[in-house]
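Structure first, then comments.
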């Protein structure tokens, strides 16, 4: 069916999609505005700061001058008073009948500073011309306006720092505009094909997949550590150490901020002028901070108290329909109620809801490979071998920008005196391929 | 026959299920249209996701014919053929679904386009709900 430009999108699932054409035009307009702002800012900076300095260095006529008087002038500013040096000088101008007298503000930008010391330091470089002190100084005047004269040349380095702002706008604006224009008027399939070619691959691969299995993660991390009993030692998914570190940082930041308020509130009570609104305000934040500390300590005790779990595998990546050997080792001093190992497949969908990116995970396969109840781990680690089969016809691991299919070996333990723990070890399942059963 | 222009896609072979490495071949044409109305025709073999997450899409093979490159009559069948990749396989999950299709898009003058798809399956992965203990 023929379609014109949609002003609003069609319904897709429980969400509406926008009009790609209008979206593209809006995107181009947004980046064009960025580019214009950048170009405008660049032009203003150039004409205000760079061009005058360039003229001083290349077009102003050199001469010599006598300093007749010097003073500091004040100029009110939003942030206070600015101070500028003023030197009354006498200098010779080509084709003039006699010497010219004018007031110079030292440099072409008039060298205002926020302190008198800055202006004074400039003035101190010059001595007033007298009969006994006949000192003269180089100066440069504008041939177009001979009364515009400066006592210094060169370029100010600080000007170039200012250019980073409009240049950033230009880079972002131009890059975004080119990107938007390249996309505009092109079908989604053509854009995808262009992106694929740009990556120089036969197939677009956002995951670390080899060319033979597009969009299937290769899982290089799972094969770079040899095992002691079997071929590979699997790394634990999701770095528990970093999670603990993040929790610690949160505790410190939260309780640090609450601590400051708490000190202020307590001081008020001690001094006899209690600030009850502040005290009542602090209490819930203090409670949340204490809860965070307790939660962190419990996680820390679980991580430190329950010894490391080691899982090794006979081969990797996995293939549907094939059988593999696992080796499980659980260290620590534990009275275990249950220890389980399961093979789990999950679908992970990421979607945008308003301005937030949300993620939903759905377990679609779980098979318990091993379970042992009521046993003790003391001194020597608990070790066991486990046979595992990937179901025939199982979906392979898949990774794209918003959708994933993941396979995980999950070790779950219930130890007396400890919170239940769960340690996942990611594995990659590849398509059955040639030679598969 | 309707007066509305329609893109027709035919795939060779009776099976809609293809294995990785198979050659997918077929042809497409447009019915009920004047040849000069069509600015360009794009044919793609692609996969895309459906379900809870935002859509992911990637093109495996892409062909484009444009009027600027030489006259063509979109009413005459145009053949295509490609070797299918090893992955990703078609999948009917609970919140992630992966669909393969041949999509033909005819871009008409004045900004209109006509799109048609012919779905096929790559691989024979059963629906997710059949898994599990």
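Coordinate-derived values only; no laboratory data. Please read these numbers as outputs of a predicted model, since none were measured by experiment. All Cβ positions, glycine included, derive from the backbone under ideal geometry; neighbour counts span all protein chains shown.
In whole Å and largest first, what semi-axes does the C-alpha gyration tensor of the range A:341-437 yield when each eigenvalue is scaled by 5 and square-rooted?
Working: eigenvalues 182, 96, 18 Å².
For the range A:341-437, the semi-axes come out at 30, 22, 9 Å.
Just checking the output field for A:61-74: average partner chain Cβ neighbours within 10 Å of each residue's Cβ?
0
How crowded by other chains is B:42-51, given as the mean number of beta carbons from other chains within 10 Å of each beta carbon?
Details: counts 5, 1, 6, 1, 4, 3, 5, 6, 3, 8.
Mean shielding by partner chains, rounded to a whole number: 4.
So how compact is the protein assembly as shown: Cα radius of gyration and Dmax in angstrom?
Cα-based Rg and Dmax for the protein assembly as shown come out at 36.9, 112 Å.
Relative contact order of chain B, please, whole-number percent, based on alpha carbon pairs below 8 angstrom and at least 6 residues apart.
In percent, rounded to a whole number, it is 32.
For A:65, A:135, what ranking results if the residue with the fewest other Cβ atoms within 10 Å of its Cβ goes first? Mind dumping the intermediate values first?
Working: A:65 26, A:135 11.
Final ranking by Cβ density, sparse to dense: A:135, A:65.
How would you rank B:18, B:66, going from fewest to most other Cβ atoms within 10 Å of each one's own Cβ?
Working: B:18 19, B:66 13.
The fewest-first ordering by Cβ neighbours comes to B:66, B:18.
Quick one: Debye curve from the C-alpha atoms of the range A:350-398, no solvent, what's log10 I(q)/I(0) at q = 0.14, 0.24 Å⁻¹?
Values returned for q = 0.14, 0.24 Å⁻¹ are -0.71, -1.04.
Give the Rg/Rh ratio for the range A:217-260, taking Rg as the radius of gyration of the Cα atoms and Rh as the Kirkwood radius, to two decimals.
On the way: Rg = 17.8 Å, Rh = 13.3 Å.
Looking at the range A:217-260, the ratio lands at 1.34.
With equal scatterers on the alpha carbons only and no solvent term, can you work out the Debye log10 of I(q)/I(0) for the range A:85-166 at 0.12, 0.25, 0.27 1/Å?
-0.44, -1.30, -1.38
Determine the shielding of peptide A:340-353 by partner chains: average, over its residues, the number of Cβ atoms on other chains within 10 angstrom of each Cβ. Each step should come with its number before you reach the end.
Numbers: counts 0, 0, 1, 0, 0, 4, 3, 10, 4, 10, 4, 6, 2, 0.
That average works out to 3.
Can you check how the C-alpha radius of gyration of chain B compares to 2.2 N^0.38 Å, as a plain ratio?
Against the compact-globule rule of thumb, the ratio is 1.18.
Stokes-Einstein diffusion coefficient for the range B:1-55 at 37 °C in a medium of 0.692 mPa s, Rh from the Kirkwood formula over Cα pairs: what value in µm²/s?
227 µm²/s
Rank by packing, highest mean first: peptides A:351-359, A:328-336, with packing defined as the count of other Cβ atoms within 10 Å averaged across residues.
The most tightly packed comes first, giving A:328-336, A:351-359.
Cα centroid distance between the range A:255-332 and the range A:133-174, in Å?
Cα centres, the range A:255-332 to the range A:133-174: 56 Å.
Order of A:129, A:213 from fewest to most other C-beta atoms within 10 Å?
A:129, A:213
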